[in-house]
Amino acid sequence: MVRYQGGATVEVDDEPDPVAPDAVQHDIADLPDETLAFLLPSRYCEVDGELMQVAWDRFGGLAPGWGRVQAVCDFVHEWLTFDYQQARPTRTALDAYRERVGVCRDFTHLFVTLCRCLNIPARYVAGYLGDIGVPPDPAPMDFSAWARVFLGGQWHTFDPRHNERRIGRVLMAQGRDATDIAVVTVFGPQWLHRFDVVTEEQSPS
């Protein structure tokens, strides 16, 4: 059995995730080249199928921009039920939509996919999220997933799992979906026996 362990002290902003209600959605022709990959289908985000119709039926009538993206975030937060016991590595955004259950990565995959269907660049983010500024959660900690969406010339944070502006996000990696930034990539049969994640706020020294 192989055991890995690590730790770090990370300085983060002490303010909640910024809000930019006036941020506009760009026409595709006006998007920077580096954002275009985040409009396309990927392993867990089936942009070119059933969810395309879902996205336009539910959100096509809303004004483009921050409000539309927030409406997508609200929908995913309400549509899915969080259930750690039903986590599985093969669940895609469409699976999550149909099954209406998942963990934070499933919430994020569905949100990212719906945004891309609406021509809004969206990418998957993995990191740590401690209980800073919110009541402590008695459940064991885990890695966290959220999204970043390109509006108004910059990337903005949205978290469909919690659907609130949070303090102290520690960004590890970001990509098209969980495939790009898997915590562990293995070749051949492997068994994860246990893992522990601890994120704690420290007082300034």
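The values are calculated or read from the model by the stated rules, or taken from the named source; none is laboratory data. From a predicted model like this one, the values you see are computed outputs, not experimental measurements. Because the Cβ atoms are built from the backbone with ideal geometry, glycine has one as well, and the counts that use them run over all protein chains shown. The protein model used for the area step is the full one, side chains on, heavy atoms only, and it has no ligands, DNA or RNA in it. Shrake-Rupley method; radii C 1.70, N 1.55, O 1.52, S 1.80 Å.
For the chain, modelled as a GNM with alpha-carbon contacts under 10 angstrom, which of ASP137, ASP22, ASP180 fluctuates the most? With Cα springs under 10 Å in the chain, the top fluctuation among ASP137, ASP22, ASP180 is at ASP137. In the chain, the longest principal axis of the Cα atoms and the axis of helix 50-59 are about 70 degrees apart. When you filter the chymotrypsin sites (Phe, Trp or Tyr not before Pro) in region 135-189 for DSSP loop state and at most 13 other Cβ atoms inside 10 Å of their Cβ, you are left with PHE187. Within 10 Å, at most 13 other Cβ atoms, and a DSSP state outside H, G, I, E, B define an exposed site. Report the longest part of the chain free of exposed GluC sites (Glu not before Pro). Looking at the chain, 12-163 is the longest stretch - no exposed GluC sites (Glu not before Pro) with at most 13 other Cβ atoms within 10 Å. Roughly speaking, to the nearest percent, how much of region 59-147's 1.4 Å accessible area is carbon and sulfur? Roughly 55 percent, rounded to a whole number.
Going by the alpha-carbon gyration tensor, a ≥ b ≥ c the square roots of its eigenvalues, is region 101-205 rounded (a/c under 1.5) or, if a/c is not under 1.5, prolate (a/b greater than b/c) versus oblate? Oblate, because a/c is 1.5 or more while a/b does not exceed b/c. Ranked from largest, the principal axis spans of the Cα set of the chain equal 50, 44, 32 Å.
Using a cutoff of 8 angstrom between alpha carbon atoms and counting only pairs six or more residues apart, the relative contact order for region 69-125 works out to 34 percent. Loop only per DSSP, at most 10 neighbouring Cβ atoms within 10 Å: give me the trypsin sites (Lys or Arg not before Pro) in region 129-205, ordered by residue number. Passing sites in region 129-205 are ARG194.
Compared with the dominant Cα axis of the chain, that is its longest principal axis, helix 66-79 is turned about 60°. With contacts taken as Cα pairs under 8 Å and at least 6 residues apart, the chain reaches a relative contact order of 26 percent. Per residue, the chain exposes an accessible area of 59 Å² to a 1.4 Å probe, with every protein chain left in place. Only DSSP H runs of four or more residues enter the estimate; each adds -39500 (n - 2.57), and after division by the residues of the chain the mean residue ellipticity at 222 nm equals -6500 deg cm²/dmol. When the chain is treated as a GNM with alpha-carbon contacts under 10 Å, the residue of PHE195, PHE75, PHE111 showing the greatest mean-square fluctuation is PHE195. Rounded to the nearest 0.05, the FRET efficiency derived from the C-beta distance between MET141 and ALA29 at R0 = 35 Å is 0.20.
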